[in-house]
Amino acid sequence: PRQREPAPAPVAAAKAEAETAADAPVATPAPAAMATPEPRSAARSMAPAAAFEAAPPAAKSRPPAMLAPQRSAGLIAAVRSGDLEALRRLLETTPPDADIDGQGRSALAWAVTNSNAQAVAMLIGHGADPDRPDRDGRTPADEARRIGDAAVLQALSAGR
């Protein structure tokens, strides 16, 4: 039978290195907590007001519900907690549609969702817009019709 010729030196060295590497322990990456954080880009660290000012004109012309949430005026918190006295005090100095949450929902939308007819009447009496859409295009009037609460529907219709 024919005898095999020895492999050339570079091939033999590569084979030996591959066999040694297969037996070596595998290095594990450092945990994510120990990784160095990437620096924030200038655009991400920009304050919301500055981001709005830098927005293209088309973005500025969107309805308010489509813009980034405004700073809370406390109206939504008062409505959600059912604190009508706090809501009354806030409405003395704050426009009724000034408080918008992250989903574009107004204090009136929250009053309707919570079936709080007194809060609805108070907000409507101060000029809240029952047709102001949230980010998904739903209005407080739509929500009132969906819920079917007669007192809420009556309070909404009193403002029209």
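The values are calculated or read from the model by the stated rules, or taken from the named source; none is laboratory data. This structure is a prediction, so every number in the text was calculated from the model and none was measured. Positions of Cβ are generated from backbone atoms using ideal geometry, with glycine treated the same way; all protein chains shown enter the neighbour counts. Ligands, DNA and RNA are stripped out before the accessible areas are found, and what is left, the full protein with its side chains, is counted by its heavy atoms. Shrake-Rupley method; radii C 1.70, N 1.55, O 1.52, S 1.80 Å.
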Legend entry - Close pairs from region 90-116: first within 19 Å of Arg135 (Cα to Cα), partner among the hydrophobic types (A, V, I, L, M, F, W, C) and part of a loop (DSSP other than H, G, I, E, B), Cβ under 6 Å, at least 6 apart: Pro96/Ala128; Asp97/Ala128; Ala98/Ala73; Asp99/Ala73; Leu108/Ala128
Inset, instruction - Check off (1) within 27 Å of the chain's Cα centre (by Cα); (2) of a type in the set (A, V, I, L, M, F, W, C); (3) modelled with pLDDT of 95 or more for Ile147 and give me the number that stays unchecked. - result: (3)
Inset, instruction - Test Ala117 against the criterion of being in contact with an Asp or Glu (Cβ under 9 Å, 6 or more places away or on another chain) and at pLDDT 95 or above, and give yes or no. - result: yes
Inset, instruction - May I ask you to say which residue of Ala109, Ala78, Ala86, Ala117 is under 18 Å from the mean Cα position of the chain (by Cα) and either open to solvent by less than 10 Å² (accessible area, probe 1.4 Å) or hydrophobic (A, V, I, L, M, F, W, C) (or both)? - result: Ala109
Inset, instruction - Would you please name the residue that is most open to solvent (accessible area, probe 1.4 Å), looking only at residues in region 128-145 that are within 15 Å of Ala107 (Cβ to Cβ) and assigned to a helix (DSSP H, G or I)? - result: Glu143
Legend entry - Search result, residues across region 150-160 that are at pLDDT 90 or above and surrounded by fewer than 16 Cβ atoms within 10 Å (Cβ to Cβ): Ala150, Ala151, Gln154
Legend entry - Yes/no for Arg135 being touching a residue at least 60 places away in the same chain (Cβ under 8 Å) and either more than 23 Å from Leu90 (Cα to Cα) or among the hydrophobic types (A, V, I, L, M, F, W, C) (or both): yes
